[in-house]
Amino acid sequence: MVDIDHLEFGLETFGDIVANEDGSLQTAAQSIRQIVREGQLADELGLSVMGVGEHHRPDYSVSSPETVLASIAAVTKNIKLATAVTVLSSDDPVRVYERFATLDALSNGRAQVMLGRGSFTESFPLFGYDLTDYDDLFNEKLGLYDLLRNEKPVTWSGKFRASLKDQDVYPKTEHGKLETYIGIGGSPESIIRAVKVGYKVIIAIIGGQASRFKPYIDLYHAAAQQLGKPEFPIAVHSHGFIADDEDDALEVAYKNIKANFDRIGLTRGWAPMSREQFDGETKVGSFYVGTPEIVAQRMARTIDQLGLGRFDIVYGAGNQTAAQRERMIELYGTKVVPRVKEILAETAAVK
Amino acid sequence: MTIKRVGILGAGKVGIVLAGLALDAGYEVRISGSGAVEKIALTIKTLVPGAIASENADVVANSDIIILAIPLSRYKNIDPNLLKGKLVIDAMNYWWETDGIREEVLDPSATSSEQVQAYFKSATIVKTFNHMGYHNLQEEARLKGDPKRKALFVTGDDREAVDTVAAFVDSMGFDTVVHYTIADGIMTEPGSPLFGASLRHDELKDIIDHFDQTEFGKKIAAQTH
């Protein structure tokens, strides 16, 4: 059952490079400043979360998301500030704690940690890690992060980092434990791992029908009950684009999402996105594209089907102009969010 | 050979999807993860109710056909004798996220299924289910004759085994394009226009038949000549 009053609506960006109106590209620095403006806009519109991803490659501007979030903190009041995600596997949990505790101080308790294994490989060689240890790295670092999150002296030893003995880390937060999510791509193993550590879960649904995740969400709740762990409403992250006109929305989204997908596919060996595939994703799949009404209908359906507590839409894919990005955020905040709540209230009344 | 019992080694995304399809097709399904049954019991019960969660040896002993759905980098964790005399589907691919650096996983001079067949030398390996995304497999299985039905490439060196597997794939909800050379598995490995693509029979057949004209086909040809 969806709790409409507490439903959260987030925005996430991977820091894609922004385009000028003439099609030329802005610098990474300009693109980063654009994110700060968008964070401010999102806060003014009353959105719940602003998430910024971490990448270490030329097609994305942000490698240090907490720094961008700190800047957003200074110009916002209520919105939560999240990473989407922090690639914990190639990071140092002590540094992760320190950066987020600092962000939490700057934002009066609005920092939100989202931990993941990452979906790109660049950070592994960059920071001296072996991709072969992909799973072990995440498990070990999650264990250490979880100890640090208690904000008490930590004694710990592991394979990938120097041991800690009765070690305190600073600053302490004002409100106790940092709010922490685990970002997962939907393998059953990841769900069980998230349950065991007792964190909130955000699922990246980036392809196919959202309803196929229903059994995975059942698994989350069943595992939490079996292991006596806390249960939280599930959050979902999916790509989207909203515009005033349906054809414009589809055209911009097709061009940009396809460009991203195909560019990444080149390095991973998957085939380019076909129009049929794109249309499937926008009609019944995981791309939320169209006018506010269409996007609201599709989001409400997913939220209802999966019983979600939060929906984050990933915006700005590819090289969109600042105007396209800002208009999308505006439509999301002013039209889509209220309409989703309205639809869900109607659905609940019928039930 | 009549297939009634399907055994799946690997309880990750692909293994779970194939278990679901096999249950829908009316097979008795056993599935195992990398360790003890307790590790996967709840997952199997919740995600594919009806499938029997078990361990590798039991799955192999009680199945008419085995599907390898584990990360490619870990197939050597399985004792090659375990699959002795078995008909085995190789649904694996090199995938960076789970396998790490390709050269550390595979000998670059042979295709992945040739290496799998060489390792499990007393089993009969047929490659299929590897080139469609797992959520496409899950969502696009259709009854025979459905105009939206998608197709899978099936290949292996043993003709009879390939034909048996092709009939099995058909029963799982997909048309097939069949070859009788395991090395042709390269046509659906990452980098191929078929990897990650979800195509109808005619579209798949057309690319397979003219594979030497694709960019990937030309690259492979240049490497082998």
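The values are calculated or read from the model by the stated rules, or taken from the named source; none is laboratory data. Worth saying up front: this structure is predicted, and the values here are computed from it rather than measured. Neighbour counts are summed over all protein chains in view; Cβ atoms, including those assigned to glycine, are modelled from backbone coordinates with ideal geometry.
Brief remarks on what is shown
- Residue match in region B:103-121 (condition: outside any helix (DSSP H, G or I), more than 14 Å from chain A (Cβ to nearest Cβ) and at pLDDT 95 or above): yes
- Scanning region B:158-200 for residues that are touching an Asp or Glu at 6+ places or on another chain (Cβ under 9 Å), assigned to a loop (DSSP other than H, G, I, E, B) and either closer than 17 Å to B:ALA91 by Cβ or β-branched (Val, Ile, Thr) (or both) yields B:GLY173, B:PHE174, B:THR181, B:PHE195, B:ALA197, B:SER198.
- A single member of A:LYS141, A:LYS159 is at pLDDT 95 or above, part of a helix (DSSP H, G or I) and within 28 Å of A:ALA204 (Cβ to Cβ), and it is A:LYS141.
- Under the condition of being within 14 Å of chain B (Cβ to nearest Cβ), of a type in the set (A, V, I, L, M) and over 30 Å from B:GLY217 (Cα atoms), the residues counted in region A:262-303 number 1.
Here's the yes/no breakdown for (1) more than 28 Å from B:ARG5 (Cα to Cα); (2) within 11 Å of chain A (Cβ to nearest Cβ); (3) free of Cβ contacts under 8 Å to residues at least 24 places away in the same chain:
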| site | (1), (2), (3) |
| --- | --- |
| B:THR176 | no, no, no |
| B:TYR180 | no, no, no |
| B:SER198 | no, yes, no |
| B:ILE208 | yes, no, no |
| B:PHE211 | yes, no, no |
| B:GLN223 | yes, no, yes |
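Residues checked against (1) modelled with pLDDT of 95 or more; (2) touching a Phe, Trp or Tyr at 6+ places or on another chain (Cβ under 7 Å):
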{"position": "A:ASP245", "(1), (2)": "yes, no"}
{"position": "A:TYR254", "(1), (2)": "yes, yes"}
{"position": "A:LYS258", "(1), (2)": "no, yes"}
{"position": "A:ARG263", "(1), (2)": "no, no"}
{"position": "A:PRO272", "(1), (2)": "no, no"}
{"position": "A:MET299", "(1), (2)": "yes, yes"}
{"position": "A:ILE303", "(1), (2)": "yes, yes"}
{"position": "A:GLY307", "(1), (2)": "yes, no"}
{"position": "A:PHE311", "(1), (2)": "yes, yes"}
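- Boolean, A:VAL252 is β-branched (Val, Ile, Thr) and under 17 Å from A:ARG117 (Cβ atoms): no
- Qualifying residue in region A:238-260 (condition: away from chain B (no Cβ under 14 Å), farther than 23 Å from A:PHE311 by Cβ, within 23 Å of the chain's Cα centre (by Cα) and not small (Gly, Ala, Ser)): yes
- Scanning region A:105-137 for residues that are away from every other protein chain (no Cβ under 14 Å) and more than 18 Å from the chain's Cα centre (by Cα), we see that the one that is surrounded by the fewest Cβ atoms within 10 Å (Cβ to Cβ) is A:GLY128.
- Residue in region A:220-233 that is surrounded by fewer than 20 Cβ atoms within 10 Å (Cβ to Cβ), touching a Ser or Thr at 6+ places or on another chain (Cβ under 7 Å), part of a helix (DSSP H, G or I) and aliphatic (A, V, I, L, M) present: yes
- Failed criterion for A:GLY176 (all others in (1) out of contact with any Leu (no Cβ under 7 Å at 6 or more places or on another chain); (2) over 24 Å from A:PHE120 (Cα atoms); (3) surrounded by fewer than 19 Cβ atoms within 10 Å (Cβ to Cβ); (4) within 14 Å of another protein chain (Cβ to nearest Cβ) hold): (4)
- Flag: B:VAL126 does not match the condition of being modelled with pLDDT of 95 or more, in a helix (DSSP H, G or I), away from chain A (no Cβ under 14 Å) and under 13 Å from the mean Cα position of the chain (by Cα).
- Test set (1) surrounded by fewer than 16 Cβ atoms within 10 Å (Cβ to Cβ); (2) modelled with pLDDT of 95 or more - B:LYS76 fails condition number: (2)
- Only one of A:ASP130, A:ASP92 that is over 22 Å from A:LYS80 (Cα atoms) and without any contact (Cβ under 8 Å) to a residue 24 or more places away in the chain: A:ASP130
- Considering B:ILE70, B:ILE65, B:ILE52, the condition of being touching a residue at least 60 places away in the same chain (Cβ under 8 Å) and either under 20 Å from A:ALA194 (Cβ atoms) or more than 14 Å from every other protein chain (Cβ to nearest Cβ) (or both) is satisfied by B:ILE65 alone.
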